Every structure is written in structure tokens, then in C-alpha cells.
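Scroll down for the structure; my scribbles are underneath it.
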Amino acid sequence: MEIAVVGGGLMGHGIALVLALGGHGVRITDTRPETLSAIPGLMESALATLMEADAAPAGWDAGRLSGAVRITSDLAATVADADLVVEAITENPDAKRALFAELDRLCAPGTVIASNTSYLDPFPLIPEARQARALVMHWYTPPYIVDLVDVVPGPGTDPAVVEAMRALVAGLGQKPIVLARFVPGYVANRIQSAISAEVFRLLDEGVATPREIDDAVIHGLSLRLPVLGHLAKADFTGLELTQRALANATYAPPPARTKSGTLDALCAEGRTGVMAGRGYFDWGGRDPAELFRERDRKLLALKRAMAGIGRMEGT
């Protein structure tokens, strides 16, 4: 399949890598010259990490990758004759609406248009004539390690298109979940948002430090999740106990938050995360690329271990 990726930033270059390693012809574009120039190095670094962990398909190296992914500044050349266009630009409705209008003009009638949007409903922004062959295909970062992909139809999406894209994702060795309809954040991000609301409250009220909160997540919550998920864990706990826990709750979970005092203070100080060298934690002046590689190596090691351990399966 010939696939075009529009938007080469944090997600776009990773999606392009996944698609190329899956055997598809890939073209990628971006409106920013600095992003275009960074794409080869970002993809080669990610591929090198996969190769170190023996997690890349056999026969791949930087030379083959450069031949498999065509990088261009020309949108028309990128999407010409593409079977699938993956939109991975900024979460800005005006920018997306303008791009979808251009894609409607440039793409063949049979081209599938897939948006990688996280929270923004793309379907009102897509021309009516494209609705039957438009859907969401939402990857998670880094997409070449995290297997989950949300496949989400719009109100007018042809079910055959949904099934074809689900099969494409499964053929990449990833895990597609097909939602009945669009909801902002899908499943994983909505659960993560609920966790974030509680975490921000604990921080803002001074109940625990960032280190203590992350320790609670790593050593308590997350240890069981890869094996059991959440609802299977409830089965093992016992649903009657789960029922009583709900009935006996002595506090209300926090509503969705639009602000956090601790977060705003960090951003005001320029402590915006790994790219700035500091966020909730001080990353010791290390090169962000080195930190991303270390993150990826650890995720790959965990993924390998989980493949051997497996999960508890119910029906």
C-alpha cells in the first residue's frame, strides 16, 4: 500500500517508521523546513534502538529506511496516488479544516483519509464527499513501541473501510481497538486524564511529592495492569468488594481540571519537561535524544518481558 503521512513531528515520523517497517511505501511531508530536515535522524535513531533490542524486522538498516520513506516539502507530490493519507498535524481545527480541504482537492476519490487526532473531533472538518472514506487512526507515543492504535469511524464511515484499516494495523503487528463512535481521548487517554486529575490534586494540595506519586503508580498501580488490565483485576478482587468500595467512598474524585497550580508554576519557570532539561524532575542536563533512547530501551525490555509473561485471559 502507498501511504502518505502529513505532519512529520513527534508522532508523524514515528508513524511513518512503523508503516515502512510494515512493508508499505511511505511518503512524508511537513510545512516546516526544520521538521523536514530532522525526520531522517529521528527515524534512524528510533530504528537503531529497535535493532539494538532485536525488535526490528530482519534486513533493515538506515540505508534501506532512507529508500523506503520519501521526504518532500510538496503536499501534492506526497499524497499523489496514495491509498491512505494519515493526517498528523497540530490539534488546531482551522489548520485541520484547511488541510482536509486541500486533501479533498489533491487526493483520488478512493483515498482513505485517517486522522491521528487525540481530542479534537475531525469529522465536522472533513468535506462531506470524503466522509465515507474518513476515520480516525490514533497512535500512541512512541508508535514504534506502543502497539495500541484507536480505529474510530465517523458517522458516515463505510464499515468496509473501518475493517480494512483495522486489518492494516493488525498486519503491522500492532493492537487495534475499534470504537463504536468518536469520543475525545478514546479509551486510554480518557483513563489517563482521570488519573491526571487526581495526580494534579494531590500535588496542588501538597499530599505527596512527584517522586512519591510516581512510586505509587510504578510499584502499585502499574505492576498489575499489564497482566490483568483493570476489569480483570476487579474480577480477581471480587466484584462484591468492588461494589462495597464504591458505596463506602468517602471522597468524590476530582472533576476534569483545566489548570494546576504546580504545573503552571513549573511552566512559568521554564521547567517544561525533558526537552528543557527539567520538569517535575531534573534530568541532569542530559541530551534529550539520549533520554528518549533510554526510555525506548526500557520500554522495549518491558515489552519483551511481557511477551514472555502474557496476560490473564478471560472471555
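Values quoted throughout were computed directly from the atomic coordinates according to the rules given, and no laboratory measurement underlies them. Nothing here was measured: the structure is a model prediction, and the numbers come from that model. Don't worry about glycine lacking a Cβ; one is built from the backbone with ideal geometry, like all the others, and counts go over all protein chains shown.
Summary of values
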item	result
Cα-centre dipole for the chain with unit charges at Cβ (Lys and Arg positive, Asp and Glu negative), debye to 20	440
Proximal charge balance of His230 [Cβ under 13 Å; K/R count +1, D/E count -1]	+3
Under-5 Å amide H pairs with Arg70, H placed in peptide plane, nonlocal only	Val26, Arg27, Ile28
Which of Thr141, Met275, Thr72, positive extreme of dipole for the chain (C-beta unit charges)	Thr141
For the chain, the Rg and Dmax computed from alpha carbons only, in angstrom	21.0, 61
Distance between modelled label sites at Arg224 and Arg293, nm, 7 Å Cα→Cβ extension	3.8
Within segment 35-50, backbone nitrogen closer than 16 Å to the virtual label 7 Å beyond the Cα of Ser66 toward Cβ	37-48
Linear extension gain, Thr315 paired with Met275, 0.36 nm per residue minus alpha-carbon span	10.1 nm
Difference of contour (0.36 nm per residue) and Cα-Cα distance, Ala132 to Ala98	10.3 nm
Calculated FRET value between Lys259 and Ala58, using beta carbons and R₀ = 51 Å, to 0.05	0.55
Estimated dipole of segment 2-178 in Debye, rounded to 20 [Cβ of Lys and Arg +1, of Asp and Glu -1, Cα centre]	120
Label point 7 Å beyond Cα of Phe236 along Cβ direction - residues of segment 186-229 with amide nitrogen under 12 Å	221-229
Segment 138-250 - charge dipole about Cα centre, Lys and Arg +1 at Cβ, Asp and Glu -1, debye rounded to 20	180
Total lysine pairs whose alpha carbons fall under 24 Å of each other in the chain (8 or more apart, or interchain)	4
Distance in nm between pseudo-label sites at Arg190 and Ala305 (7 Å out along the Cβ direction from Cα)	3.1
Three principal axis lengths of segment 159-223 [C-alpha, angstrom, descending]	51, 23, 12
Karplus 3J(HN,Hα) series, Hz, for segment 165-178 with 6.51 cos²θ - 1.76 cosθ + 1.60 (x for Gly, Pro)	6, 4, 5, 4, 4, 4, x, 7, x, 9, 10, x, 10, 9
Length-normalised contact order for the chain - Cα pairs under 8 Å, 6+ apart - percent	14
Around Gly206: net Lys/Arg minus Asp/Glu count, Cβ-Cβ under 15 Å	-2
Segment 205-210 - phi-based ³J(HN,Hα) in whole Hz, Karplus 6.51/-1.76/1.60, Gly and Pro as x	8, x, 6, 8, 8, x
Cβ-based net charge around Asn116, under 12 Å, with every Lys or Arg adding one and every Asp or Glu removing one	-2
Additional length obtainable on full extension of the chain from Ala108 to Ala167, 0.36 nm per residue less Cα span	19.1 nm
Among Gly220, Ala305, Gln131 - extreme Cα towards positive end, dipole of the chain, charges at beta-carbon	Gly220
Contact order relative to length of segment 87-228, as percent, for alpha carbon pairs under 8 angstrom and 6 or more apart	17
Size descriptor, Kirkwood hydrodynamic radius, that averages inverse alpha-carbon separations across segment 188-309, Å	17.2
Per-peptide average of other Cβ atoms within 10 Å, ordering 274-287, 251-264, 121-134, 140-153 highest first	140-153, 121-134, 274-287, 251-264
P(r), alpha carbons of segment 259-315 - 5 Å bins starting at zero, rounded %	4, 17, 15, 14, 12, 11, 10, 9, 5, 1
³J(HN,Hα), Karplus 6.51/-1.76/1.60, whole Hz, each residue of segment 283-300, x for Gly, Pro	9, x, x, 6, 4, x, 4, 5, 5, 5, 5, 5, 4, 5, 4, 5, 4, 5
